[in-house]
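Chemist: Supplied in structure tokens, the structure appears directly below.
The values are calculated or read from the model by the stated rules, or taken from the named source; none is laboratory data. The shown structure was predicted, so the numbers you read here are calculated from the model rather than taken from an experiment. Here the Cβ is made from the backbone with ideal geometry for all residues, glycine too, and neighbour counts use every protein chain on show.
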Amino acid sequence: MLFLGCLLVNACKKSGSGNSGPHPLTFSIPAGFPAPQYTFTGNPLTQEGFELGRKLFYDGRLSKDGNFPCSSCHQQFAAFSTYDHPLSHGFNNQFTFRNAPGLFNLAWNKEMHWDGGITNIEVQPLAPLTAPNEMAEDINNVIGKLQQDDTYKKMFRAAFGSDTINSQRMLLAITQFVTSLVSANSKYDKVKLGMASFTQTEQNGYALFQSKCTGCHPEPLFTDHSFRNTGIPVDPYINDLGRMRITNKKEDSLKFKVPGLRNVALTFPYGHDGRFSSITSVLDHYSSGVQTSATLDPLLKNKIPLTNAEKFYVLEFLKTLTDSTFINDSRFAQPE
Amino acid sequence: MKLTHLLHRVNLPKLCIVLLLGTAIISCQKELKFDEEPQKDHNLVLKFKPVVLYDSVPLVLGKAYTNYFKESFTPTAFKFYVHNFQMINTDSGKIFKLANDKYYLVDFSDSASTEIKISILPYVYNRISFSIGVDSAQNVSGAQTDALDPAKGMFWTWNTGYIMAKLEGTSPKSAQAGKFEYHIGGFSGTESVLKTVNLLFPYAQNLDLKPGKTSEMFITCDAYDWFYNPWDIKISENPVISTPGELAKQVAENYSKMFTVDSVFNE
């Protein structure tokens, strides 16, 4: 009887839903955006994969002592950067090595990290997870902890078709979540779509931005994903040589990835080590602080002269890049 | 029956005649074999054995040895990636490649990982070739599993890429807490440490791999080679090599000579 019942239930399942596998999600490319770098090849975006990635992103068990989930340094209200911290806090009261960048539009990134050391976004989570001053964990320990949890077993099965919990599936799920963090609904975007208009000061700032900043921060992503030395003197304590740490090439000394400027008003402080506390102090750096060195970017040879009024206009324009829908989107918030 | 033992017992002139006859027969067979209908594969079991001192002493993890520079060292980990196995007959120019190029991590702390079973098209071969390391495409293709699972501890997380081969342990000659660590990697451009080895069989004999049969091939891996020839790698000077670059390339060149087909047993 029981056996028969099982058969009936199974039969119903099959005919009922038609597809018992995970539910595909569409990755929509915002108007005007180029084709993304990450194409979900071998990692089809699904509702279940996204939800699993979201749970993992907010789960402290990915860290050694349970206190440092991904979200401890990547806070939604700060566009997934660390709010008001030059460097973030990691395991055992340690500082991180660099300023935590905001997480959005990551599918368009060619390389991850300020130095571009990560060539594929799927494996990026391994860096903070294993760094002794960040989450300080071991991959096998994390997988072991997840395997103890029945909820995860269910969620891995729902996302990938079986109970197997391994590093590949964990990474693919996190990738589904973080690449889904698309921010393209700022006032700037609405203006571009003809749904809003800039104030006069924002318009002045936009014109200035286009003539002075888009050499490195081209629209619509506001970064060209290149590595450049912007004349920030090296911090003698951190002694961070940037891209050269990865390539071992002298010509890459002091070069860092050009950050995208969307949500820039939320992601302070700025710079690879968070030394600039405000947008104004960054603009001051470009207009008068740039330090000359062998690898200084040619575009900054003469600095970027800006009057105080011009700085004000640029600042007002940059504020239009704040995407309040994104930072309030409940799909990206900590799951219940 | 161990082929090499058999070869010991015959005298040299006789052996030459046998070999000549052998190659004559083989050359008749070769064209036929590849044109024939598909037949049962030959099962080849590769057994990797860690050794030191020019293949003369088995290496045991945790035991102390002395390298070419009279430096004492106690290996605690010895592992490397292999893939792209090919069986070759250089006389006929025939090369057999496995249809599915799988990666294997040979880890001498895990005996199961030191045996690799592959199915070979029956034929007479005189070389085996394989690659040490992980091809550049696999270094940038994201989250992977099985041998390439980053949880295997053979993946650099902040400058992403696979560690192709690892030899580590302790040595009184190391100024770095008495430890030495050779984590050899680098996949792009001039930093590449990918190596392909081409090995003869014992006494340069040909191997006639018969359909449906199994043979075991023992391949020794000499840890001594990591330190010497053509490059001098002294623990006292370089106890830690853990980034891609010139030193990693030198060690890789050294260890690419560490393999020897020691013996072959036919069913």
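Chemist: Tell me, which residue of the range B:142-170 that is part of a helix (DSSP H, G or I) and within 11 Å of another protein chain (Cβ to nearest Cβ) is surrounded by the fewest Cβ atoms within 10 Å (Cβ to Cβ)?
Modeler: Ranking the qualifying residues of the range B:142-170, first place goes to B:ASP146.
Chemist: For the range B:189-227, which residues satisfy the criterion of being modelled with pLDDT of 95 or more, hydroxyl-bearing (Ser, Thr, Tyr) and either part of a helix (DSSP H, G or I) or over 27 Å from B:GLU253 (Cα atoms) (or both)?
Modeler: Matches in the range B:189-227: B:THR214, B:SER215, B:TYR224.
Chemist: Then there is this: Cβ-Cβ under 6 Å, sequence separation 6+ or interchain: first residue in the range A:223-251 and within 14 Å of chain B (Cβ to nearest Cβ), partner modelled with pLDDT under 95 and not in a strand (DSSP E or B). Which pairs?
Modeler: Once the first residue is within 14 Å of chain B (Cβ to nearest Cβ) and sits in the range A:223-251, its partners that are modelled with pLDDT under 95 and not in a strand (DSSP E or B) give A:ILE246/B:ASN159; A:ASN248/B:GLY245.
Chemist: Being at negative phi and part of a loop (DSSP other than H, G, I, E, B): is that true of A:PRO86 here?
Modeler: yes
Chemist: Of all residues in the range A:252-262 being assigned to a loop (DSSP other than H, G, I, E, B) and either touching a helix residue (DSSP H, G or I) at 6+ places or on another chain (Cβ under 7 Å) or surrounded by fewer than 18 Cβ atoms within 10 Å (Cβ to Cβ) (or both), which is farthest from the other protein chains (Cβ to nearest Cβ)?
Modeler: Filtering the range A:252-262 for residues that are assigned to a loop (DSSP other than H, G, I, E, B) and either touching a helix residue (DSSP H, G or I) at 6+ places or on another chain (Cβ under 7 Å) or surrounded by fewer than 18 Cβ atoms within 10 Å (Cβ to Cβ) (or both), the one farthest from the other protein chains (Cβ to nearest Cβ) comes out as A:LEU261.
Chemist: Can you tell me which residues in the range A:62-75 are surrounded by 21 or more Cβ atoms within 10 Å (Cβ to Cβ) and touching a helix residue (DSSP H, G or I) at 6+ places or on another chain (Cβ under 7 Å)?
Modeler: Listed by number, the residues that qualify are A:LEU62, A:PHE68, A:CYS70.
Chemist: Moving to a separate point now. I'm told B:TRP231 meets every condition in (1) part of a loop (DSSP other than H, G, I, E, B); (2) modelled with pLDDT of 95 or more; (3) within 14 Å of chain A (Cβ to nearest Cβ) except one. Can you identify the failing condition by its number?
Modeler: In the conditions (1) part of a loop (DSSP other than H, G, I, E, B); (2) modelled with pLDDT of 95 or more; (3) within 14 Å of chain A (Cβ to nearest Cβ), B:TRP231 misses (3) alone.
Chemist: In this structure, does B:LEU98 turn out to be modelled with pLDDT under 95, away from chain A (no Cβ under 14 Å) and under 22 Å from B:LYS213 (Cα atoms)?
Modeler: Yes.
Chemist: If you don't mind, another one. Which numbered condition trips up A:TYR206, out of (1) surrounded by 16 or more Cβ atoms within 10 Å (Cβ to Cβ); (2) under 26 Å from A:VAL264 (Cβ atoms); (3) without any contact (Cβ under 8 Å) to a residue 40 or more places away in the chain?
Modeler: Of the numbered conditions (1) surrounded by 16 or more Cβ atoms within 10 Å (Cβ to Cβ); (2) under 26 Å from A:VAL264 (Cβ atoms); (3) without any contact (Cβ under 8 Å) to a residue 40 or more places away in the chain, the odd one out for A:TYR206 is (3).
Chemist: Of the conditions (1) of a type in the set (A, V, I, L, M); (2) surrounded by fewer than 18 Cβ atoms within 10 Å (Cβ to Cβ); (3) within 11 Å of chain A (Cβ to nearest Cβ), B:ALA175 satisfies every one except a single condition; which number is it?
Modeler: Tallying (1) of a type in the set (A, V, I, L, M); (2) surrounded by fewer than 18 Cβ atoms within 10 Å (Cβ to Cβ); (3) within 11 Å of chain A (Cβ to nearest Cβ), B:ALA175 fails exactly one: (3).
Chemist: Identify all residues within the range B:37-70 that are among the aromatic types (Phe, Trp, Tyr) and closer than 21 Å to B:LEU105 by Cβ; write none if there are none.
Modeler: B:PHE48
Chemist: Let me ask something else about it. May I ask you to list the residues in the range A:288-312 that are closer than 20 Å to A:GLY205 by Cα and within 28 Å of the chain's Cα centre (by Cα)?
Modeler: Once the filter is applied, which keeps residues that are closer than 20 Å to A:GLY205 by Cα and within 28 Å of the chain's Cα centre (by Cα), the range A:288-312 yields A:LEU299, A:LEU300, A:ILE304, A:LYS311, A:PHE312.
Chemist: Spot the failing condition for A:ALA100; the list is (1) crowded, with 23+ Cβ neighbours inside 10 Å; (2) assigned to a helix (DSSP H, G or I); (3) away from chain B (no Cβ under 11 Å), and only one is missed.
Modeler: For A:ALA100, the failing item is (2).
Chemist: Does the range A:252-265 hold any residues that are closer than 10 Å to A:LEU321 by Cα, of a type outside the set (Lys, Arg) and under 14 Å from the mean Cα position of the chain (by Cα), and which are they?
Modeler: A:LEU261, A:ASN263, A:VAL264, listed by residue number.
Chemist: OK, next. Give the residues of the range A:108-132 that are within 16 Å of B:MET154 (Cα to Cα) and either modelled with pLDDT under 95 or surrounded by fewer than 22 Cβ atoms within 10 Å (Cβ to Cβ) (or both), sorted by residue number.
Modeler: A:ALA127, A:THR130, A:ALA131, listed by residue number.
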